Amino acid sequence: MRIGFLFNHHGGHQVAHALPVALQLRRQNRHAEVSVLVSEGSEREVRRLVDAHDGPAPEIVRLRPPSALARAANRASGRAIPADIVSSLHRNLDRFRKLDALVVPEKTSLLLKSLFGLKSLKLVHTRHGAGDRAIGFDKASGRFDLVLLSGEKIRDRLAQADLLKDDGHAIVGYPKFDMAPPKHPRLFPKDRPTVLYNPHPSPALSSWYRMGPQILDWFAKSDKYNLIFAPHVMLFKKRVTASLSPFALGWNLGPRPEHHDHDHMLIDTGSAASLDMTYTDTADIYLGDASSQVYEFIRRPRPCIFLNPRGLPWQGNPDFAHWRAGQVVGSIDELDAALAAVPQLAPDMRKRQEDMFRYSFSLDERPSSERAARAILDFLERA
């Protein structure tokens, strides 16, 4: 079997959701030819995780870069139009054509079948994250030959949308949890409660565009908390970010220079620590909006606060199910009051978070990446 793993993105945030499966495939089946195809934006994170891994490593292949025209179109749009990603697919068709299966954590690769004619190539979707946003359950989510699911929640929502094939899905857990736990360096000189502010890039849902800088100002003046500002790594990768469902545009202005000048504030817009769960493991309080990283945070139940500056109607909406894990606030004044009220997690909220975590992640004694690798091999043998 010839199985490829594709990381064709501007950042490395999707790598940990699929690369552990590639490493397990090499360990489980020495007869499978496993290759990892990487773009310039993801190669560094792929090599970092491979180097930290004990065992046989897959072949790492650098994709032919996108055309100059595609790169120019991407830049001209403020990186809102992924012309370069599509061009990379087109310029590497010969490599994809040689494979029996291609494993991907995103959906743009569906163009290999719909636009570029590789009808016989089996596409396996690992997804990335276990969040609740509507885009994770759109029609494209049902167009893969095999979908690997983190738990019952994802299965149930895809089934409700009539997007599951009977022989084309498997619950495998969360391969990202198989990564070696990060070391926990001392991040701040003073021992204060540490808040992780983790806004999402979606302009329709993110708190950053309406109140993010004010939140950094608030923490800059505070003498009660340490703050880790670690947004989704794509928040400042693009000058303009577009959201399709619903449609919205956001212009990405980063933190001001003075936000970097405080020893109780850590600004990290894309280091390895923002990818490997260092911050979700070490913070005491989660502050966010639409990011699925909150589910990684509540692996160990702790207080959560969610920001809703647009006044979105969220109660009873499955797209905002994660907001049930904490308190929802809409202004800086409400945030001030909410932080004052969360010295510890109430027992009923702890139970709720535990239930939400179990519903989102089906974990057992086997590593999730091993279960995922086995599901891929079984599917290809049947196919």
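Worth a mention:
- Test: residue in region 123-134 that is more than 18 Å from the chain's Cα centre (by Cα) and not assigned by TED's automatic domain parsing to the domain that holds TRP251: yes
- Subset of region 348-383 [over 29 Å from ARG324 (Cα atoms), charged (D, E, K, R) and not in a helix (DSSP H, G or I)]: ARG366
- Looking only at region 33-47, and only at residues there that are small (Gly, Ala, Ser) and part of a helix (DSSP H, G or I), the one that is modelled with the lowest pLDDT: GLY41
- In the set (1) buried (at least 23 other Cβ atoms within 10 Å of the Cβ); (2) touching a Lys or Arg at 6+ places or on another chain (Cβ under 6 Å); (3) not hydrophobic (A, V, I, L, M, F, W, C), the condition left unmet by GLN24 is number (2).
- Considering region 82-170, the qualifying helices (runs of 4 or more DSSP H), each wholly inside and each with 3 or more residues that are of a type outside the set (Lys, Arg) and either free of Cβ contacts under 8 Å to residues at least 12 places away in the same chain or buried (at least 19 other Cβ atoms within 10 Å of the Cβ) (or both), run over 83-91, 152-160.
- Note on region 357-383: residues that are out of contact with any strand residue (DSSP E or B) (no Cβ under 6 Å at 6 or more places or on another chain) and either free of Cβ contacts under 8 Å to residues at least 40 places away in the same chain or not aliphatic (A, V, I, L, M) (or both) total 17.
- Counting only strands (runs of 3 or more DSSP E) wholly contained in region 192-300, the ones carrying 1 or more residues that are under 17 Å from GLY78 (Cβ atoms) and modelled with pLDDT under 95 occupy 240-244, 247-251.
- Scan region 48-81 for residues that are aliphatic (A, V, I, L, M), assigned to a helix (DSSP H, G or I) and touching a residue at least 40 places away in the same chain (Cβ under 8 Å) and the total you get is 1.
- Members of region 1-21 found to be buried (at least 23 other Cβ atoms within 10 Å of the Cβ), aliphatic (A, V, I, L, M) and part of a loop (DSSP other than H, G, I, E, B), listed by number: ALA18
- Every residue from region 2-32 that is modelled with pLDDT under 95 and either over 23 Å from the mean Cα position of the chain (by Cα) or on the phi > 0 side of the Ramachandran plot (or both): ARG26, ARG27, GLN28, ASN29, ARG30, HIS31, ALA32
- Filtering region 1-46 to residues that are under 18 Å from LEU93 (Cβ atoms) and among the aliphatic types (A, V, I, L, M) leaves ILE3, LEU6, VAL36, LEU37, VAL38.
- Criterion (in contact with a helix residue (DSSP H, G or I) (Cβ under 9 Å, 6 or more places away or on another chain), surrounded by fewer than 21 Cβ atoms within 10 Å (Cβ to Cβ), assigned by TED's automatic domain parsing to the domain that holds HIS128 and not aliphatic (A, V, I, L, M)) met by exactly one of PRO301, PRO318, PRO367: PRO367
The values are calculated or read from the model by the stated rules, or taken from the named source; none is laboratory data. The structure presented is a predicted model; accordingly, all values stated were derived computationally and were not measured. All Cβ positions, glycine included, derive from the backbone under ideal geometry; neighbour counts span all protein chains shown.
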